[in-house]
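Colleague: Have a look at the structure that comes next, please.
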Amino acid sequence: MLNVLVALSAVKPIVSPGMLRFSEPGIEAKMHALFEGQADKGDPIMDPPEDIVDDDERWAFVIGETEVKLRHGSKMVETLPYVMQHLPKYKGKGPCGDVYEHYQAMPSWWVSDLCERALNARISEGFASLWRSGLLHVVDKQRVDANGQKDGRPITVGLALRRIVGRVPCAQLKHGFAKLFSSYRQLGIAVPSGIEAAFHTIELSYEAMIQQADGDNSLLPSPVEIDFSDCFTLAPRSTLFANTAKCVPKLLRYMYTCYGGEGMMWGIESGKVVFQSRNNAGVWQGDPLGAHCMGLAYLGFFQLLVEKFKPGSAFVVSDVAHIRPSGSTLAWIIDDLTCVPRQYEALALIDFILAEAPRHKLLCNMDKFHVWIMGKPSDNVEFAAALTARGIKYSYGGLRRLLGAPIGTPSFCVQAEGHLDSLTTAATDFIDQIMQIDHAHAQYLLLRYCATDSLQHCARLKSPTLLRGFASRHGYAVQEAIRNVLHADNLNESQRVQIGLPEYNGGLGCTTTADVLDAAYVGAAGSVARFFEFGGWPEAAVLAQTLSCRADYQAAVVRMNECFQDQWDWDQRRRQAGGEQLLTEPKVMDPARPTLLPVQKDLARAMHRLAGGDNNFNYASQHTIGPKHVPMDRGWPPV
């Protein structure tokens, strides 16, 4: 590894690090406006309730146990030891230079006492002031403002101890947080598979509404994508404290520890402080509880939208003649809102958002305010003109980047220079840049850990039919890069298969989206279906039914069943001969019952095992060696 670091230090950066320097034009002024400006005009911090300092059990946070999922079931474990054991390694230092490893080396009882004190607001005012201060990093948003200057997202890194303490309620209260936020359709906070549930909610909603519209242009869905700017730094602390006391009272003391007073923001470059600012407003993006605090601060707006949009009645058809269906589905992922109103009520709902959002300290980013107009352009002239008058962009094909992937017609999703095409191009360009490094080991590590997963989130969102070409293009680029690393003229089919296999299957671990395409989509469908079943949404029944009727979903399940058919036959014969049943044997999957589908990890593991077994057999046959003499972990076959 030392050789790899030396090799990397000898070349200039191969890609933009994604961070902006404070010396960039306009960045320092923007950060001062966000922090100094908000510090001066922010809402006054609420005084804590009189009994918060007492030993009232309502406010006491006791570090207890948390539920941990296993492959077969779950178990309860002590929260703090579990958090300490699963801290990521070599993370950035806090403003005092502390890192996770410092606290992992300390006596556990002492760390536990520090955590208990912070969670229950029993630390000195001087320590609290340091607790509320952090290092400021500016992430490049990959866009420019009206003045042509780069725009940045402020990320705050606090004390390592603060990050440890924040992980405790994240783990211990995760089920409560998930239930709270999902009821308001906020799926980006504590909700397992939240991004998949949000994306498929939008897709399934407009598919169901198209069927209900039956050709009526006014009843066609009009998906709306809305982004809000600087939600974390503008979040009102007064409503944060009020909603915490109401919904999560055991966290109120810790909220005052984190945000009950003024702290400092420091920007450091080349070992020097180049930026500093007061901060007594907003919440931190970068803190373990940052998204939770943002959600609690805007909980009133979430509730207001649910009451206005009535998502639970989105698919209710009245028995009374001439009564049009009303109600719109919606889904949040942190500060990104997507809703699916019918066209006849879309403008009223858009006007409601434009009017109410500023009252809750939410600023609409009009550059990312998009509407997908369905139907013929000639039938929607007035609707398009009304959107233009409001400064809202629209398209007749779809939304370019909805929660990480495009949504719209097939031609829109796969169009040249569209989101999928641009994402694939960026991923292959990154591979080309990796190959410029003159160090084979460094190339392999970067390919394996940085380049292979560029499209894997899309595989859980988009149909394999649409994504297959892009995934194959990316997978081929990775394989060709590995071929160059090995200085091989060409690779046979067995070698190409082995590139995408994990190490436990005797592969190189460069598993790309092309290797798990169907497994990812089917696994995500199962996760979304289980969310619909247990999430408590009234509209979920229609969404789940629409999911099970999807042609691309059914086809993916059929393809996976066909892949496993030979293995089922072989395993049945083996058990009849006295062998034991495999612990991870894949079951026959029924597309009509998506809630019973295995998770992606189990599906991918079974696919890799199947591919690895076939690959060993084929390789052995080519070399006239029996399968039992070819070890699974033999490494790379000779070229």
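The values are calculated or read from the model by the stated rules, or taken from the named source; none is laboratory data. Computed from a predicted structure; not experimentally measured. Here Cβ is always computed from backbone atoms with ideal geometry, including for glycine, and neighbour counts include all displayed protein chains. Note: accessible area is taken over every heavy atom of the protein model, side chains too, but ligands, DNA and RNA are not part of it. Shrake-Rupley method; radii C 1.70, N 1.55, O 1.52, S 1.80 Å.
Colleague: Given only helices, namely DSSP H runs of n ≥ 4 each adding -39500 (n - 2.57), what is the per-residue ellipticity at 222 nm of the chain, to the nearest 500 deg cm²/dmol?
Modeller: Values: 26 runs with 298 residues, N = 639.
After summing the helix terms and dividing by the residues of the chain, the value is -14500 deg cm²/dmol.
Colleague: Sort largest first and round to whole Å: the equivalent ellipsoid semi-axes of the stretch 494-560, each the square root of five times a Cα gyration tensor eigenvalue. Numbers along the way, then the final one.
Modeller: Numbers: eigenvalues 214, 35, 9 Å².
Sorted largest first and rounded, they come to 33, 13, 7 Å.
Colleague: Additional query: Of Leu446, Ile407, Gly261, which is farthest along the charge dipole of the chain in the positive direction, counting Lys and Arg as +1 and Asp and Glu as -1 at C-beta?
Modeller: Farthest towards the positive pole: Leu446.
Colleague: Is there a quick way to get the dipole size of the stretch 217-350? I mean about its Cα centre, with the Cβ of Lys and Arg at +1 and of Asp and Glu at -1; what is the value in debye to the nearest 20? Each step should come with its number before you reach the end.
Modeller: Details: 10 positive and 11 negative charges, 88 e Å.
Roughly 420 debye, rounded to the nearest 20.
Colleague: Right, something else. Please state the relative contact order of the stretch 306-387 as a whole percent: Cα pairs under 8 Å, 6+ residues apart?
Modeller: On the way: 58 pairs, mean separation 14.1, N = 82.
Relative contact order, the stretch 306-387: 17 percent.
Colleague: Still on this structure: Percent of Cα-Cα pairs per 5 Å bin, from 0 to the last occupied bin, for the stretch 144-183, please list those.
Modeller: 5, 17, 13, 13, 13, 13, 9, 12, 5, 0
Colleague: Continuing with the same structure: 5 Å is the cut-off here: which amide hydrogens, built 1.01 Å from N in the peptide plane, fall below it relative to Gly94, excluding neighbours closer than 5 in sequence?
Modeller: Answer set, sorted by chain and number: Ala160.
Colleague: Could you work out the relative contact order of the chain, using alpha carbon pairs under 8 angstrom and six or more residues apart, expressed as a whole percent?
Modeller: Numbers: 989 pairs, mean separation 83.9, N = 639.
Reported relative contact order: 13 percent.
Colleague: Using only the alpha-carbon atoms, what does the chain span along each of its principal axes? Please give whole angstrom values in decreasing order.
Modeller: 80, 72, 53
Colleague: Placing unit charges on C-beta atoms (Lys and Arg positive, Asp and Glu negative, everything else neutral), compute the dipole magnitude of the chain about its Cα centre in debye, rounded to 20. Walk me through the numbers before you get to the answer.
Modeller: Numbers: 62 positive and 69 negative charges, 129 e Å.
The calculation lands at about 620 debye.
Colleague: Viscosity 0.692 mPa s, temperature 37 °C: give me the Stokes-Einstein translational D for the stretch 284-372 in µm²/s, with Rh taken as the Kirkwood radius over C-alpha pairs. Don't jump to the answer; show the numbers that get you there.
Modeller: Details: Rh = 14.6 Å.
D = 225 µm²/s.
Colleague: Pairs of Cα atoms under 8 Å, at least six residues apart: use those to get the relative contact order of the stretch 495-545, whole percent.
Modeller: Working: 33 pairs, mean separation 9.3, N = 51.
Contact order relative to length: 18 percent.
Colleague: Please list, by residue number, every one of the trypsin sites (Lys or Arg not before Pro) in the stretch 112-192 that is coil in DSSP and has at most 13 other beta-carbon atoms within 10 Å.
Modeller: Working: sites: Arg117, Arg122, Arg132, Lys141, Arg143, Lys150, Arg162, Arg163, Arg167, Lys174, Lys179, Arg185; in loops: Arg122, Arg132, Arg185.
Sparse-neighbourhood loop trypsin sites (Lys or Arg not before Pro): Arg122.
Colleague: Let me ask something else. Do the alpha carbons of any pairs in Lys91/Lys246; Lys30/Lys308; Lys308/Lys368; Lys75/Lys462 sit beyond 31 Å of each other, and which pairs? Can you show the working numbers first?
Modeller: Working: Lys91/Lys246 34 Å; Lys30/Lys308 34 Å; Lys308/Lys368 22 Å; Lys75/Lys462 33 Å.
Check vs 31 Å cut-off fails for Lys91/Lys246; Lys30/Lys308; Lys75/Lys462.
Colleague: Related question: Please sort 339-350, 94-105 by packing, taking for each peptide the average over its residues of neighbouring beta carbons within 10 angstrom, highest first.
Modeller: On the way: 339-350: 20.8, 94-105: 15.5.
Packing proxy ranking, top to bottom: 339-350, 94-105.
Colleague: Next question, about the same structure. Calculate the translational D of the stretch 54-156 in whole µm² s⁻¹ from Stokes-Einstein, where the hydrodynamic radius comes from the Kirkwood formula applied to all Cα pairs, the temperature is 10 °C and the viscosity 1.306 mPa s.
Modeller: Values: Rh = 17.4 Å.
Roughly 91 µm²/s, to the nearest whole number.
Colleague: Pull out a ≥ b ≥ c, the square roots of the eigenvalues of the alpha-carbon gyration tensor of the stretch 80-137, then state rounded if a/c is under 1.5, prolate if not and a/b is larger than b/c, and oblate in the remaining case. Numbers along the way, then the final one.
Modeller: Values: a/c = 2.12, a/b = 1.09, b/c = 1.95.
Oblate, since a/c reaches 1.5 and b/c is not below a/b.
Colleague: Tell me, what is the Rg over Rh of the stretch 329-391, with Rh the Kirkwood radius over Cα pairs? Write down the numbers at each step before the final one.
Modeller: Values: Rg = 12.4 Å, Rh = 12.9 Å.
On the Cα set of the stretch 329-391, Rg over Rh gives 0.96.
Colleague: Continuing with the same structure: For the modelled label position 7 Å from the Cα of Lys601 along Cα-to-Cβ, which residues of the stretch 493-523 have backbone nitrogen atoms closer than 16 Å?
Modeller: Of the residues in the stretch 493-523, 502-504, 520, 523 have backbone N under 16 Å from the label point off Lys601.
Colleague: Do me a favour and compute the ellipsoid semi-axes for the stretch 457-530 from its Cα gyration tensor, root of five times each eigenvalue, largest one first, whole Å. It would help to have the intermediate numbers written out before the result.
Modeller: Details: eigenvalues 141, 38, 13 Å².
Values for the stretch 457-530, descending: 27, 14, 8 Å.
Colleague: Let me ask something else. Round to the nearest 0.05 the FRET efficiency obtained for Gln436 and Arg559 when R0 = 41 Å and r is the Cβ-Cβ distance.
Modeller: On the way: r = 38 Å, r/R0 = 0.92.
Efficiency at R0 = 41 Å is approximately 0.60.
Colleague: Let me ask something additional. Percent of Cα-Cα pairs per 5 Å bin, from 0 to the last occupied bin, for the stretch 334-479, please list those.
Modeller: Histogram of Cα-Cα distances, whole percents per bin: 2, 8, 16, 16, 14, 12, 11, 8, 6, 4, 2, 1, 0.
Colleague: Heavy atoms only, probe 1.4 angstrom, no DNA, RNA or ligands counted: give me Met589, Met76 ranked by accessible area, highest first.
Modeller: Numbers: Met589 15, Met76 105 Å².
The ranking, largest first, comes out as Met76, Met589.
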